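Heads up, the thing below is written out as structure tokens.
The values are calculated or read from the model by the stated rules, or taken from the named source; none is laboratory data. As the structure is a prediction and not an experimental result, all values here were calculated from the model. Virtual Cβ from ideal backbone geometry, glycine too; neighbours counted across all protein chains shown.
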């Protein structure tokens, strides 16, 4: 992958098109349009991924994540539900569409990468507080 110049650092305030938030991380999108550096933005307690690209004519696109880093979830795998923690977030190009995917660590310490949102269930759905 080619190196990218980062215009913003973690902790910087992000402002674009009326949208504000704090930069909390980075991720990369690799797709047919090329590799892009993306900012993970925290806004009102929720994590978003910002994408600006030539294909969107410079207009920012945002992907709101269903889960945040370190959320406890159930990983649906092989017909079973496993307890897991969100360890990372990525955008994955699949079937001509960009999707949010997650890297999760299960209770055995095994890291599972690029897990789609539909394979994860909220912990509190099955374990009310």
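So residue 63 clears everything in (1) modelled with pLDDT under 80; (2) touching a strand residue (DSSP E or B) at 6+ places or on another chain (Cβ under 6 Å); (3) farther than 17 Å from residue 24 by Cα except one condition, right? Which one?
With (1) modelled with pLDDT under 80; (2) touching a strand residue (DSSP E or B) at 6+ places or on another chain (Cβ under 6 Å); (3) farther than 17 Å from residue 24 by Cα applied to residue 63, the lone miss is (3).
Residues being in a strand (DSSP E or B) and at pLDDT 75 or above: count how many of those fall in region 1-25.
Total meeting the criteria: 8.
Please count how many residues of region 88-110 are at negative phi and more than 10 Å from the chain's Cα centre (by Cα).
Number satisfying all stated conditions: 10.
For region 72-100, enumerate the residues that are under 25 Å from residue 41 (Cβ atoms) and modelled with pLDDT under 85.
88, 89, 90, 91, 92, 93, 94, 97, 98, 99, 100
Could you check residue 46 against (1) modelled with pLDDT of 80 or more; (2) in contact with a strand residue (DSSP E or B) (Cβ under 8 Å, 6 or more places away or on another chain) and say which number it fails?
Condition not satisfied by residue 46: (1).
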